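Here the structure is laid out as C-alpha cells; the discussion comes afterwards.
What follows is calculated from the coordinates using simple rules that are stated; it is not laboratory data. Values in this document were obtained by computation on a predicted structure and should not be read as measured data. A quick note on method: Cβ atoms are made from the backbone with ideal geometry, for glycine too, and the neighbour counts reach across all protein chains shown.
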Amino acid sequence: MTIQQILKTYWNHDSFRPFQEEIIQSVLLGRDTLALLPTGGGKSVCFQVPALAKEGICIVVSPLIALMKDQVENLKARGIEAMAIVSGMGKREVDIALDNCIYGPVKFLYLSPERLLSELVRERIKYMNVNLIAVDEAHCISQWGYDFRPPYLHISDLRELHPEVPVMALTATATAEVRDDIQQKLLFKQFNVFQQSFERKNISYVVQNEENKLRKLLDIAKGVKGSGIVYVRSRKEADEISKFYNENGFKADFYHAGLTMEQRSLKQESWKTNRTRIIVATNAFGMGIDKPDVRFVIHKDMPESLEAYYQEAGRGGRDEHKAYAVLLYNYADRIKNEKKFLTNFPSVDEIKVIYHNLGNYYQLAYGTGEGVSFDLDLTEFCTRFKLNPTKTINALKFLEQDDYLSFNESVFLPSRFRFEVFNEELYNFQIQNSSWDSFIKTLLRSYGGSFENYVRLREHDLARRSNLSVQQVIEGLKQLQELGILNYLQQTDQPQVTYLRPRLQNNELIINRRYIEDRKATYRRKMEAVFAYAEHEKCRSQMLLAYFDEIDVDKCGVCDICLEEKRQKNLAETADNITSEIVELLSVDNLNIGALITSLKSGTEKDKIETIRLLLDAGKIKTDGERYYL
C-alpha cells in the first residue's frame, strides 16, 4: 500500500496535515528525522504510517504511560497489532510480550525508557526485525529541556543493536539548543529537522494580574462560551475549584494522577462529549486527549516553564477557531515560586539520606534488589521519614540520573492474569477440586488467550459473573496463584521505583554535584522566562515565539497587550477627531455643554466629555460657567 492508501485504510483521512507527508517521506528514505509539530499537529501518524509501509516492527519510546496505552488501544481498534511494556510488569509477562514481537504479528512495541536498561529487553530487541525507532517527547533527552529524563540517554544504545534503522524524534516544543542536543544525543547521522512555526494565530494569549483569582475564574467562564480547562498545581485544588464552579452554576469536574484508570476514562469522556463543561486538572491531564473545540485554557498558577505553558495552552482552539489562553498572575506568585525554587533541590547529603530511607522502607538488604520494582506511596514514605515530598521526588530523579534506580510518577497497571498450567492439567485440577470448578469455568469463559498471554481482568466484572464479592474474587485468585495454577498481578496506580543496581551502603553512593548545579541553573532560567512573560508588556505571542527562537515575527494583534495598544491608539485618534470638531464649532460660536456635545459627531458621550475636560485642563478652551469658547 502507498502511504496515502494506509492513511485512508486505517485513519479514513483523504490527505495528510501540513508537514506530515514530508516527514514520512524523509523516514522512508532512511533518514534520521526530528519532527517538531505543535500540540494536536498529528505527531503519531508521522511514525505510524511509515512503520506500516515497511516490513517489520516499530519500537516507540515514550515516557507517558497513559499516552502509550491510549495509542496501543487506538492502534488495536484500527486492526493494527501493538503492545506496550512498562515498569511494573512482571519478568514472565515481559518475556511473553517480547516473544510476540519477535515471532508474532506485532507492528508496534511501546517501551518506557527505563525498560531499555533491562538486559532482557535489549537482548530480545536484537532479534527483532526493526524498521523504525520512534522517540516521542524527545525533548526529555536533553538536560536543557524542561522535562529531562535520564533514562532517555540510553535510547542511543538501540542504534548499536540496529545501526541501519532510522531514528525519528518527535516533540511539540524545543528551543534551538534543545533541538541540537536531541540530534546529538540520538546520534543522528545527519542533522535533519522539520519544524512548523510555533505561532497559533487563533489563540489570544492573556495575562491577568489578579488578586482574586476565584472571581476571575468565574468571569472567564461567564464571558467565554464553550468548554475549558483550568490547570492548577495540586490535587486538592483541582477538587476544590471544580466544587466552586459547580456551586456557581457551571458543570465542572476534576482530574489528577491519583484517580483510577476507570475514573479518568469516565471524566475524560464526560468532558469530551460536553456533558462536563470545565475540567479542573493538574498537568497530568491533556496528553493524547484530542478535543478540538476547547475555547479557553486557564492557568490559575504559574507554570514551571514556557515549554509546559505553550503545550498546555495549545490544547485550546485545535479546530482553528478563536480560543483564549489565560494566565492568572500576581506578585505573590513570584514570591511563592522563588521560595519553591529554594526548597526544590536537595543537597548531596539529603539525597543519600532519602536513598537510605528508601531501602529501609522496602526492607531491602544491602547487595540485593537489582531489577526489582516497588510501588511507592509517596505520602506515607515522606510522612514516615519526615521528608519534603517535592525534594524527595527530585532526589529520586538525581538517583535516576546516576543509574541507581528509575522512578516513574504514577503508573497505572490494570489487574491481569495468566494460567501457568496447560489445558489438560487445569482440567485435572478442576475434577480433583470441584469447589474451584465453577470459578475456573467463569475465568475461562470471560477471558480468552489466558494460556498464552497475560490477560486484563476486572475483579468487579468477575465478581458479578461468579456471584461472589470483589474481595472473594481477589482472595480466590491469590489462592490459585499459591497453588501454581495461575499468576495474578493486581492493579496498581502508585508511582514506581525500580532498583537498577543492588542496594548500596551510603558511603558507596557517588552523586554528581555538578549535574545538580546545572539542573538548578536550568530551572532558574526557565522560571525567569515565565516571570518575564507574565510581567513584561510586550506582545505575548512574540515573547513565546522568541523563546523558541522565532525572531522578527509580527505582533499577533489578539493578545491582551496588542488589544490594549489598539484601544489606546483608537482612543488617541478619537480624541484628535473630537478636538478638531470642537475647535471648528467654537471658532464659529460659543456653545453651552449640551449643544457642544450634541453637535460633536466623533466618539461616545464619555469620550466627548473626557476630551472637553482635557482641553479645559490644557487651557485650549475656556468656559464662563455657561458657554464654552476658544
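Quick notes on this one:
- For the chain, averaging the sequence separation of C-alpha pairs within contact (under 8 Å, six or more residues apart) and dividing by the residue count gives a relative contact order of 13 percent.
- Protection proxy ranking, peptides 326-338, 164-176, average beta carbon neighbours within 10 Å, highest first: 164-176, 326-338
- Test item: Cα-centred dipole of the stretch 119-178, Lys/Arg +1 and Asp/Glu -1 on Cβ, debye: 140 debye
- Local charge for SER62 was computed over the other residues whose Cβ lies under 9 Å away, with Lys and Arg +1 and Asp and Glu -1, and equals -2.
- Per-residue HN-Hα couplings for the stretch 262-278 [Karplus 6.51, -1.76, 1.60; θ = phi - 60°; Hz; x = Gly/Pro]: 5, 4, 4, 4, 5, 5, 4, 5, 4, 6, 5, 8, 6, 6, 9, 7, 10
- The protection proxy used here, the mean number of other Cβ atoms lying within 10 Å of each residue, ranks peptides 496-502, 297-303, 459-465 as follows, highest first: 297-303, 496-502, 459-465.
- Convex hull projection area averaged over all views, the stretch 227-315, Cα basis, nm²: 5.3 nm²
- Base-10 log of normalised Debye intensity for the stretch 475-532 (one unit scatterer per alpha-carbon) at q = 0.22, 0.24 Å⁻¹: -0.97, -0.99
- Net charge in the neighbourhood of TYR309 (other residues with Cβ under 12 Å of its Cβ; Lys, Arg +1, Asp, Glu -1) is -1.
- Packing rank of 278-286, 367-375, 316-324, where each peptide gets the mean count of other beta carbons within 10 Å, highest leading: 278-286, 316-324, 367-375
- Calculated log₁₀ intensity ratio I(q)/I(0) where the Debye formula runs over C-alpha points of the stretch 109-178, q = 0.11, 0.21, 0.24, 0.28 Å⁻¹: -0.27, -0.92, -1.13, -1.38
- In sequence order, calculated HN-Hα J values of the stretch 107-119 (Karplus, 6.51, -1.76, 1.60; Hz; x Gly/Pro): 9, 9, 10, 8, 10, 6, x, 4, 5, 5, 7, 7, 4
- Lys, Arg +1 and Asp, Glu -1 on Cβ, resulting dipole of the stretch 218-320 about Cα centre, debye, nearest 20: 300 debye
- ASP319/LYS272 FRET efficiency (R0 22 Å; Cβ-Cβ; nearest 0.05): 0.95
- For THR343, net neighbour charge (Lys/Arg +1, Asp/Glu -1) across residues whose Cβ lies under 13 Å away: +3
- Cα-based shape type of the stretch 419-469, given that a ≥ b ≥ c are square roots of the gyration tensor eigenvalues and the cut on a/c is 1.5: oblate
- Extreme residue, positive dipole direction of the stretch 473-630, given options GLY484, THR579, HIS536 (C-beta unit charges): GLY484
- Prolate/oblate/rounded label for the stretch 1-77 (Cα gyration tensor, a/c 1.5): rounded
- Each Lys and Arg adds +1 at its Cβ and each Asp and Glu adds -1 at its Cβ; summed about the Cα centre, the chain shows a dipole of about 840 debye.
- Label positions at GLU119 and GLU584, each projected 7 Å from the Cα along the C-beta direction, are separated by 9.2 nm.
- The chain - mean residue ellipticity at 222 nm from DSSP helices (-39,500 (n - 2.57) per run, n ≥ 4, rounded to 500): -14000 deg cm²/dmol
- Annotation: amide H of LEU111 within the under-5 Å range of VAL60, VAL61, SER62, ILE85, sequence separation 5 or more or interchain, hydrogens built in the peptide plane.
- Here the Karplus relation 6.51 cos²θ - 1.76 cosθ + 1.60, evaluated at θ = phi - 60°, turns the backbone of the stretch 69-80 into coupling constants of 5, 4, 5, 4, 4, 4, 5, 4, 5, 8, x, 10 Hz, with x for every Gly and Pro.
- When the alpha-carbon atoms of the stretch 3-195 are used, the pair Rg, Dmax equals 15.5, 43 angstrom.
- Euclidean distance of C-alpha centroids, the stretch 237-255 and the stretch 416-461, integer Å: 44 Å
- Sparse-neighbourhood loop sites, GluC sites (Glu not before Pro) in the stretch 51-155 - DSSP loop, at most 14 other Cβ within 10 angstrom: GLU55
- Taking the Kirkwood radius as Rh and the Cα radius of gyration as Rg, the chain has a ratio of Rg/Rh equal to 1.07.
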